[in-house]
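A.B. asks: Dropping the structure in here first, questions after.
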């Protein structure tokens, strides 16, 4: 189960990373943005899969993802990331000993903080209002139905009694978030909220990678870039949306 969950996370991420590699962006920016591109691409694949009236199952859906990765790999290998510009600040290797120590301390603080947030996701039941009232309801239905069944308003649901339609409070919310939850539940093999909410932690980390890279590209040295990345990733509101995984606000 855990191995499948890792594959479900890493394979779409790899596809997004390889697709962005052709733009020759800095590696950390490619890695951070590649996660979001991979998740968006995954949601589109799930929509197309269900639209073809195919059953949503983990192993069959892996095949087109693997094929995409194989096709993109030779293209990505030829496209090396752009070299740092002349105005880029000092890298970690060029920092003084004290600055390196401060860098390591900030990195350790982030590791400890996000290890705690991972524990929140793993052990806390689904608590967020929108998470359990709307987003996760759709994901759970689609997981068990193995198909993207429609959600309609409560009035339309009453009128269409007997049809294979469902209703929630926010039936018109976009499908991307519950589709991602469905994907990770499919990888786990049974409905488990903590498995379905796996990408929330990685979403924040990918945001941090992209932000760090933007800081470096703007001329900040490695320590300054990490300091501002730490300030971003330790924002209480951001951390709340990681810990209360299931909301769409973080995305």
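A.B. asks: Go through region 145-162 and give me each residue that's surrounded by 14 or more Cβ atoms within 10 Å (Cβ to Cβ) and in a helix (DSSP H, G or I).
C.D. replies: Correct list: 145, 156, 157.
A.B. asks: With 117, 107 as the choices, which residue is closer than 22 Å to residue 199 by Cα, surrounded by fewer than 16 Cβ atoms within 10 Å (Cβ to Cβ), in contact with a helix residue (DSSP H, G or I) (Cβ under 8 Å, 6 or more places away or on another chain) and modelled with pLDDT of 95 or more?
C.D. replies: Matching residue, one of 117, 107: 107.
A.B. asks: Name every residue in region 167-214 that is part of a helix (DSSP H, G or I), at pLDDT below 95, more than 15 Å from the chain's Cα centre (by Cα) and under 20 Å from residue 36 (Cβ atoms), in order of residue number.
C.D. replies: 213, 214
A.B. asks: Looking only at residues that are out of contact with any helix residue (DSSP H, G or I) (no Cβ under 9 Å at 6 or more places or on another chain) and in a helix (DSSP H, G or I) in region 220-251, which one is surrounded by the most Cβ atoms within 10 Å (Cβ to Cβ)?
C.D. replies: First, pick out the residues of region 220-251 that are out of contact with any helix residue (DSSP H, G or I) (no Cβ under 9 Å at 6 or more places or on another chain): 231, 235-237, 240.
Next cut, in a helix (DSSP H, G or I) only: 231, 236-237, 240.
Values: 231: 11, 236: 7, 237: 8, 240: 15.
If we take residues in region 220-251 being out of contact with any helix residue (DSSP H, G or I) (no Cβ under 9 Å at 6 or more places or on another chain) and in a helix (DSSP H, G or I), then 240 is surrounded by the most Cβ atoms within 10 Å (Cβ to Cβ).
A.B. asks: Still on this structure: Which of the residues belonging to region 47-62 are outside any helix (DSSP H, G or I) and either touching a helix residue (DSSP H, G or I) at 6+ places or on another chain (Cβ under 7 Å) or under 17 Å from residue 7 (Cβ atoms) (or both)?
C.D. replies: Residues satisfying the conditions are 56, 57.
A.B. asks: While we're on this one: Somewhere in region 218-230, is a residue modelled with pLDDT under 95 and either closer than 24 Å to residue 65 by Cα or in contact with a strand residue (DSSP E or B) (Cβ under 6 Å, 6 or more places away or on another chain) (or both)?
C.D. replies: No - not one qualifying residue is present in region 218-230.
A.B. asks: Residue check, residue 194 against (1) over 19 Å from residue 10 (Cβ atoms); (2) surrounded by fewer than 21 Cβ atoms within 10 Å (Cβ to Cβ); (3) touching a strand residue (DSSP E or B) at 6+ places or on another chain (Cβ under 9 Å), all met but one. Which one?
C.D. replies: (1)
A.B. asks: Could you check residue 80 against (1) part of a loop (DSSP other than H, G, I, E, B); (2) in contact (Cβ under 8 Å) with a residue 12 or more places away in the chain; (3) touching a helix residue (DSSP H, G or I) at 6+ places or on another chain (Cβ under 8 Å) and say which number it fails?
C.D. replies: Answer for residue 80: the failing condition is (3).
A.B. asks: In region 114-129, what residues are in a helix (DSSP H, G or I), touching a residue at least 12 places away in the same chain (Cβ under 8 Å) and over 18 Å from the mean Cα position of the chain (by Cα)?
C.D. replies: 123
A.B. asks: From 6, 2, 44, 37, which residue is within 11 Å of the chain's Cα centre (by Cα) and without any contact (Cβ under 8 Å) to a residue 40 or more places away in the chain?
C.D. replies: The unique qualifying residue is 37.
The values are calculated or read from the model by the stated rules, or taken from the named source; none is laboratory data. None of these values were measured; they are calculated from a predicted model. Neighbour counts run over all protein chains shown; Cβ positions are idealised from the backbone, glycine included.
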